[in-house]
Amino acid sequence: ATAPYDDTNIFAQILRGELPCKKVYEDEFALAFHDIAPQAPIHILVIPKGRYVGWDDFAAKAGEAEIVGFVRAVGHVAREQGLPTPGYRLLVNVGQHGHQMVPHLHVHLFGGQQFHHMLV
Ligand code: 5GP
C-alpha cells in the first residue's frame, strides 16, 4: 500500500516555492527542474503538481487531464533540451526496492551522454 502523502517532502516544498529550484519548465500539471546532484550532463526531474507519492497512486487516482498533462510535459522538456535525437533515458524509482528517496512522484530525465547498462 502507498504511504499517505507527506506535505513536508522536499518536492512539496519546491512546489510551494518554499525552496528554490533551477526551473526548466512549468505548466498547469507539471514542474521540471535540474537535479541538485546530476548524474549525467543533463539530469532533470519532472514532477506532477498533484500530491502523489509514486507511480501507483498517480496512475490510480490522478485525473485523465493530469496524467496526459504530465506525460506531455516530460515529452516537452525532452524536446526543449534537444534530446529525442540522439536519445535519452527516463527513470522512475518507486518505493523502497526502487530506492525512491523523495516521496513525491518524479521522473528522472537523463541525457547528454551515451548510456550503456540499464541498471547501475
Ligand atoms: P529518487 O532517489 O527519489 O528517485 O531521486 C531523488 C532525486 O532528487 C535525487 O537525484 C536527488 O539528487 C534529487 N534531490 C534531492 N533533494 C533535492 C533538492 O532539494 N533539489 C533538487 N533539485 N533535487 C533534489
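No value in this document is a laboratory result; all are computed from the given coordinates. Everything numeric here is computed off the predicted structure, so don't read it as measured data.
What to note about this one:
- The chain, relative contact order [Cα under 8 Å, separation at least 6], %: 30 percent
- Max mean-square fluctuation residue, GNM over the chain, Cα-Cα springs under 10 Å, options HIS106, HIS43, HIS97: HIS97
- Candidates GLY98, GLY69, GLY82, ranked by Gaussian network fluctuation over the chain, Cα under 10 Å, top entry: GLY98
- For the chain, the longest principal axis of the C-alpha atoms and the axis of helix 64-80 are separated by about 30°.
- Hits among lysines - C-alpha to C-alpha of LYS61 under 22 Å, sequence gap 8 or more where chains match: LYS49
- Rg to Rh quotient for segment 10-111, alpha carbon positions, Kirkwood Rh: 0.93
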